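These notes are about the structure you will find just below.
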Amino acid sequence: MEGIPEELGSRLAKAESVAVLTGAGISAESGVPTFREAQTGLWARWHPEDLATPQAFQRNPRLVWDWYRWRRQLVRDVEPNSGHLALVELERRVSDFHLSTQNVDGLHRRAGSRNLSELHGNLFRDVCAYEGIDVDLPAADDELPPRCPRCGGPVRPGVVWFGEPLPRAELLEAESAAAGCDVYLLVGTSGLVQPAAGLPLSARRAGAYVVEINPETTALTESVHCSIRGLAGDVLVSLLERLG
Ligand code: BJW
């Protein structure tokens, strides 16, 4: 891993407001697969248009549910890692801190992050596909798709699929954090999916110092002030050590 650049250390030490955007890379060290990595990414094994669009769910809700149930189990079996925990500690140390995540795995909340916006929803929410509201399903409901206890319509996972709008309140919180922070950290995302990928650009336009933490170059590398090539856990722990 590269060391923490001097300028980042001093800017972070002075920062009153820090905003963070995470992607699948931060959960990779817990054992959750990313989406776009060549061999191991979910999209290397499945087509997003078969599983992560409203049309896919209409065509074959059983297939979509089988896939999401598999992912739920995978996430239940893993734990938050040192990267998630370092962000909890950073939140404790910075007076104004906001974390936006594209991840649906809930690991930031399990780690203890509080001021958090889940931009792409949450894998463990059950939502009525007709009414768009969260529903409680009986524990032993094996019907696929499950049925809404209120209207009988199909229930879907509470995640944001391609072509769907992001939850309004979460997106507004993320935009406001990006527009008002001194330092913006971009952790473990390819920066390919909109509108989340526009947040670091908004932060930069508004005057923030923007930093990318990723072992690889990404679509956003050329737009940030500073890129640190390394694993999220290692780099975030080093950042905290640097802060003292
Ligand atoms: C490590 C690491 C380690 C590895 N440490 N790093 C403008 C232009 C073009 C297209 C569009 C546009 N605006 C909208 C679109 C369409 C679309 C889009 O962006 N398409 C592009 C892909 C072309 N966007 C949408 O459809 C969005 N909706 C929308 O815009 O609605 C508008 C609207 C308004 C009003 C009415 C109607 C519509 C919705 C996007 C939803 C994305 N959904 C998914 C699935 C969620 C559910 C699920 O999980 O099943 O979200 S797709 C998938 O990609 C998932 C992720 O959150 C998202 C981002 O991926 P992420 O996190 O960046 O992961 P990877 O795999 O890409 O990258 C991992 C990175 O980690 C890599 O860089 C590694 O190197 C790194 N890494 N190990 C640190 N240890």
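Rounded to a whole number of µm²/s, how large is the Stokes-Einstein D of the stretch 61-121 at 25 °C and 0.890 mPa s, given Rh as the Kirkwood radius over C-alpha pairs?
Answer, rounded: 192 µm²/s.
Please arrange W65, W46, W70 by how many other C-beta atoms lie within 10 Å of their C-beta, fewest to most.
W70, W46, W65
Under a Cβ-only charge scheme (Lys and Arg +1, Asp and Glu -1), can you give me the dipole magnitude of the stretch 1-95 about the Cα centre, in debye to the nearest 20?
So the magnitude is around 480 debye.
Stretched out fully, how many nm does the piece from D142 to S95 gain, at 0.36 nm a residue minus the Cα gap?
My answer for the length gained is 12.4 nm.
Which value, in debye to the nearest 20, describes the size of the charge dipole of the stretch 165-241 about its Cα centre when Lys and Arg Cβ atoms bear +1, Asp and Glu Cβ atoms bear -1, and nothing else is charged?
200
Could you state the number of Å between the C-alpha centres of the stretch 24-39 and the stretch 108-127?
17
Going by how many other beta carbons lie within 10 Å of each one, how would you line up E118, E79, fewest first?
So the residues, fewest neighbours to most, are E79, E118.
What number do you get for the chain when its Cα radius of gyration is normalised by 2.2 N^0.38 Å, N = residues?
It is 1.03.
Can you order the peptides 12-21, 29-38, 165-174, 132-141 by their average number of other Cβ atoms within 10 Å per residue, highest first?
12-21, 29-38, 165-174, 132-141
Any read-out appearing in this document is the output of simple, stated calculations on the displayed coordinates, not a laboratory observation. Fair warning: this is a prediction, and the values are worked out from it, not measured in the lab. Ideal geometry is used to build each Cβ from the backbone, glycine not excepted, and the neighbour counts take in all protein chains shown.
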